[in-house]
Amino acid sequence: MPIIVGLGNPGQKYAGTRHNIGFEFIDLLADALSVRMGPGKGPFHVGKGRHAGHNLYLVKPTTYMNKSGDAVRKVLDWYKEVPSQCLICYDDLALDVGTIRLRPGGSAGGHNGIKDIIQKLGTNKFPRLRIGIGDDFPKGQQVQHVLSSFTAEEADVMESTLEKAVDATFTFTREGIEQAMNDFN
């Protein structure tokens, strides 16, 4: 059964930041599927939904971003699923605002949350939905950038981007990562 994990940092301090776009995305999916999120059997919140005859779980780790692997490992163990059924959704500096990319696996690309997931799972073979947050910041200001909010103009772009990401996720749920990549990359 597909497990859709959105990465972010817990707490009001991080709400609405670029780095928490994975959490925002899971909230959007939960609304679209009328799923209620609640505490899971580990360091995560979870909700069970159904789309086009397919069950799926929505997950938000309650660990900080750099410890996301702990939550993902516990989720997979609890639901007895394999990494290939777990779509990780997260922010990506290397992509322009408004861009999404799906991949079946690969390196962490400098993302500490993904690096921790790879380490805790012992594999880099898990699907990802990368959501572009842009890299328009002065040298040495990466942390400030990822912890900042989107501008009003960017927020408008991100609204339609997240809707496209929802469609991509539903395609992943119904038809797998390859078809989702073909349709949305």
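Between ALA15 and GLN119, the simple label model (points 7 Å from Cα in the Cβ direction) yields a spacing of 3.0 nm.
Between segment 35-93 and segment 159-180, what is the C-alpha centre distance in whole Å? Cα centres, segment 35-93 to segment 159-180: 16 Å.
Please report the antiparallel percentage of DSSP beta bridges with both residues in segment 1-103, rounded to the nearest 5.
Values: 10 of 17 bridges.
For segment 1-103, the DSSP antiparallel bridge percentage is about 60.
By how many nm would the segment from ASN112 to ASP156 grow when fully extended, if each residue of separation counts as 0.36 nm and the alpha-carbon distance is taken off? All intermediate terms of the calculation are to be shown ahead of the outcome.
Values: separation 44, 0.36 × 44 = 15.84 nm, distance 2.72 nm.
Full-extension gain reported as 13.1 nm.
Beta bridges from DSSP with both residues in the chain: antiparallel share about 55 percent, rounded to the nearest 5.
Counting neighbouring beta carbons within 10 Å and listing from fewest to most, the residues PHE23, PHE137 come out as PHE137, PHE23.
The ranking of LYS164, LYS139 from fewest to most other beta carbons within 10 Å of each one's beta carbon is LYS139, LYS164. Tell me which lysines have Cα within less than 24 Å of LYS164's Cα, excluding those fewer than 8 residues away on the same chain? LYS164 reaches LYS48, LYS60, LYS125. Both radii were evaluated on the Cα set of segment 3-184; the Rg over Rh quotient, with Rh as the Kirkwood radius, amounts to 0.93.
Read the figures in this text as sums done on the coordinates, not as results from a lab. If you're wondering where the values come from, they're calculated on a predicted model, not measured in any experiment. In this analysis, Cβ positions are derived from the backbone assuming ideal geometry, glycine residues included, and neighbour counts consider all displayed protein chains.
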